[in-house]
Structures are given as C-alpha cells and as structure tokens.
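Below you'll find the structure, written out as structure tokens, and then a few comments.
The values are calculated or read from the model by the stated rules, or taken from the named source; none is laboratory data. Please read these numbers as outputs of a predicted model, since none were measured by experiment. Note: ideal-geometry Cβ built from the backbone for every residue, glycine included; neighbour counts use all protein chains shown.
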Amino acid sequence: MELPIYIKREHLSTRDVRDRLPHYHNEIELIYVLKGSMECQTNDSIFPLAKGDLCFINKGQLHHLYEKEDTSEHISIIIYTDLLTQSKEIFDTYISPMLNDLTFSHIKFSSIDGNSEKIYHYILEIEQLLKEKPIAYELSIIADIHLIFKHLYLTYMKTDSVTIIDEDSLLQQKMIQYIEDHYMEDINVDDIAKASSVSRSKCFRIFKNYTRISPITYLNGYRLEIAASKLKNTNDSVSTIALDSGFSQASYFNKLFLKEYGYTPLEYRKRNFS
C-alpha cells in the first residue's frame, strides 16, 4: 500500500522540475530548513526562512521557495488530506476550518519556537517509517500526521483572524490553471488575461506581485518543466518534446532550455539517464 504522502530532502537548485516555478496544489506542505537560508513566498507575502525554521503552507495557496544561499538545504513533506481522520465530527472541528480558510495561507514557526522542533521530530519519524516500513507503519505515520495537525490547529487558533480574501491570488490561480491547461497551444498575454477577465496591465501586475516574473516568462518556464520531465521519462526525440511542450521552434526551445537548466536538452537527458 502506497500512502499519499511525499517527503524529500533537497537543495533548491536541484528541486524537482515542478517546483521551479511558483505553484499551488490541493495538498498541504511543510518545509523545515536544515541548512542555510531561503525566502518563501505565499501569494504576495514574502518572508525569510533560516536554519531551524519551519513553514506550513495551506492547500490551494500559491507558493515558491527562493534560494538565498547556494548551500541551503531543507526537508519538505507534502500531505494529502485523504490521510486525515475519517471522523466527520473531528475533521469538521479541527481540520476543515484551517484547510478551507481562504484567508489562512501559511504559518511560519521560528527556530526558537518549540513547535518547530516538535513538528520536525514527527517529520523525521515519518521519513524513517517510510524507509523501514515495519509492520503497520501506515498507522504510525497517520498518527504522526494528526499530531502535526494538533500543533497547527493550536497555532491557528491563536492567530488573529482578519477576514480579507486575497482576490488577486484567486485571479492568479485562474491564470496559472489556464497556462497548465493550454500550454501546448499558441497562447499569448491577452489569452492569459482573459482567463481571469482582467486587462493586460493587471495581468502583468498580478504576475509581478505573485511570481516575480512576466506571464510569458511563466508560460515558457512551465513549458520547460514539461519538457524536462519528458526528457527524463520518455524516449521521444528533442524536436518532438519541444513541439509537445508548446514550442514551435526547436532552436528557440534549445536556447531557453540551456539558459534555464545550464545544459542542452540532450546533455540534460544524458545526465539523468546515466
């Protein structure tokens, strides 16, 4: 039985291709800084993370990590909400209010906050259980996840709640979803803006606030992520991958890929298959 949970130690420079752009997903994520420092952005909120700090990112929140030091390292865990209690009363009381609060994007636990180390302890325990897989390890992991949520809930309840829904964040998500659904097509800024019924200028402004890059740079970055994944996981030719990823010209694709990853597509494939 494979549990719907993902845990990995990584350097930002070698993160999975899906994490190289600001993104969102329907699972919660916890990030603990093992070494160095970095910046985290959730929606339009940017804050530093140093060694020993831990960040919880709620589901459906646009987020991204930015490297501040080449040697920084962190451990991240993504938890699918299917693993949470099946008791409706408990779920509705302690978990649903947090997950479905559109005004609640994240919690930062400082290294001097005891909760940071407590949650990190559970993350390490989950990591070990996934490696060793003793009898009924799944039950132990689910127990650890609920203990993590206990700390998150207690902190959430102490947080001053100001009911301000970030409407621009919702618009940004619609535009990103449009890019993910139509990246293979010949789309432009007007098409992306239309996905959220905003003007070109507002489209540029929202992308700048939430991703730090332009809509077209984001579009090309997403296409490159798709291409990088295909280079690693298929035997398709580079020209086929370029077309399937939304690039009409292989030469332009090669130029952008080299700039983003530091290798030509063929070199990248060779490094990942060797």
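Would it be correct to say that I226 is in a helix (DSSP H, G or I), β-branched (V, I, T) and surrounded by 14 or more Cβ atoms within 10 Å (Cβ to Cβ)? Here the answer is yes, as I226 does meet what is asked.
Scanning the stretch 98-130 for residues that are loosely packed, with under 14 Cβ neighbours inside 10 Å and at pLDDT below 95 yields a count of 5.
The numbered conditions (1) assigned to a helix (DSSP H, G or I); (2) small (G, A, S); (3) under 28 Å from D44 (Cβ atoms); (4) at pLDDT 90 or above are all true for G246 except (1). Determine, yes or no, whether K118 is more than 21 Å from the chain's Cα centre (by Cα) and within 24 Å of C40 (Cα to Cα). Yes: the conditions hold for K118. Using the structure shown, decide if I135 is of a type outside the set (D, E, K, R) and either part of a helix (DSSP H, G or I) or on the phi > 0 side of the Ramachandran plot (or both). Taking the combined requirement at face value, the residue does not satisfy it. Taking the stated definitions as given, is R212 among the charged types (D, E, K, R), closer than 30 Å to L258 by Cα, surrounded by 13 or more Cβ atoms within 10 Å (Cβ to Cβ) and more than 18 Å from the chain's Cα centre (by Cα)? Criteria not met by R212. Of note, Y80 does not satisfy the criterion of being hydroxyl-bearing (S, T, Y), outside the structural domain of D191 (by TED's automatic domain parsing) and either on the phi > 0 side of the Ramachandran plot or free of Cβ contacts under 8 Å to residues at least 60 places away in the same chain (or both).
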